[in-house]
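Here is the structure we will look at, set down as structure tokens.
Just so it is clear, none of the values below were taken in a lab; they were calculated from the coordinates. Since this is a predicted model, take the numbers as computed values, not measurements. Quick reminder, even Gly has a Cβ in these numbers, built from the backbone with ideal geometry, and neighbours come from all protein chains shown.
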Amino acid sequence: MLFDTHVHLNADQYEDDLQEVIDRAREKKVENMVVVGFDEKTIKRAIEIAEKYDFIYASIGWHPVDAIDMKDEHLQWIEELAAHPKVVALGEMGLDYHWDKSPKEVQKEVFRRQIQLARKVKLPIIIHNRDATEDVVTILREEHVEEVGGIMHCFTGSIEVAKQCIDMNMHISFGGPVTFKNAKKPKEVAAEIPIDKLLIETDCPYLTPHPYRGKRNEPAYVSYVAEQIAELKGISYDELASKTTENAKKLFGINL
């Protein structure tokens, strides 16, 4: 059984065939998924999907690219929704220095406030990091993320950064890029991560793994991520699938 810890089934790309996408995931033994909301529209849709399917859960937060749009009432709303029985994490949150829609200082403030909220409601967090590793790690440390833990989503950093995050009670999650033929660093890092701190994801509809790179991603393809990491770690596919599912359920507080 597989657990895709980061899907965007709430994206417009699935508007016409969501049920078929979910059915294909189930055929590939994807037992659970977490639909990630990151603004008002996608949070509402994540909750709707999680309410409809007993094996799908939701994470809710505010994306750093849109940090400038977040108002106090949004944070209050997220706090209220955090009590929902199908909400298992806050995020995705973090920093994104690639796009320049939201000033860095605004992103940092919104990020800090969400970590503080996660500690208040006692939920793990899901981290988005693009071109901002040093600041992300600093804020995680200063805001005591170790109290709730969480996920470094679609990790592309070094083993040194991964170890710093693991020391703060974070899990390291890999998606499609670990399957790319030229992805030397992610493969090296995935091979070294302790298996009890390892998670898998698709980030669908984005970052589609080989051999479907360039096409729309979907949760069924998390099996290719699992295959690649099992090979890198020299363990069986079943062992990798079982352990990463156990890790995810434990982190999200889902009954094993």
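What does the charge dipole of the chain about its Cα centre add up to, to the nearest 20 debye, if the Cβ of each Lys and Arg holds +1 and the Cβ of each Asp and Glu holds -1? Walk me through the numbers before you get to the answer.
Working: 33 positive and 45 negative charges, 100 e Å.
It works out to roughly 480 debye.
Across the cross-link table entries Lys29/Lys185; Lys71/Lys249; Lys120/Lys197, which are compared at the Cα atoms, the separations over 30 Å belong to Lys71/Lys249.
Rounded to the nearest 20, the size of the Cβ-charge dipole of segment 84-229 about its Cα centre is 380 debye, with Lys and Arg at +1 and Asp and Glu at -1.
Amide H to amide H distances under 5 Å link Lys86 with no residue, where only residues 5 or more positions off or on other chains count and H is placed in the peptide plane. For segment 30-54 and segment 146-201, write down the distance between their C-alpha centroids in whole Å. Result: 23 Å between the Cα centres. Skipping prolines and chain starts, which residues have an amide H placed within reach, meaning under 5 Å, of the one on His6, given they are 5 or more residues away or on another chain? Under 5 Å from the amide H of His6: Val34, Thr202, Asp203. Across segment 135-141, coupling constants 3J(HN,Hα) worked out from phi with the 6.51/-1.76/1.60 Karplus curve, θ = phi - 60°, read 5, 4, 4, 4, 5, 4, 5 Hz, and Gly and Pro carry x. Remark: segment 21-30, residue by residue, has Karplus-estimated 3J(HN,Hα) of 4, 5, 4, 5, 4, 5, 4, 8, 6, 7 Hz, where x stands for each Gly or Pro and the curve is 6.51 cos²θ - 1.76 cosθ + 1.60 at θ = phi - 60°.
Computed from backbone phi with θ = phi - 60° and the Karplus coefficients 6.51, -1.76 and 1.60, the 3J(HN,Hα) list for segment 180-189 is 5, 4, 9, 8, 5, 5, x, 5, 4, 5 Hz; x is used for glycine and proline. Cross-linked pairs Lys86/Lys243; Lys108/Lys187; Lys86/Lys122: Cα-Cα separations exceed 18 Å for Lys86/Lys243; Lys108/Lys187.
Would you be so kind as to identify which of Tyr221, His153, Ser242 lies farthest towards the positive end of the dipole of segment 2-252, taking Lys and Arg as +1 and Asp and Glu as -1 on Cβ and the Cα centre as origin? Value computed over the given set: Ser242.
Residues whose amide H lies under 5 Å from that of Gly37, counting only those 5 or more places away or on a different chain, are Ser59, Ile60, Gly61, Glu92; hydrogens are built 1.01 Å from N in the peptide plane.
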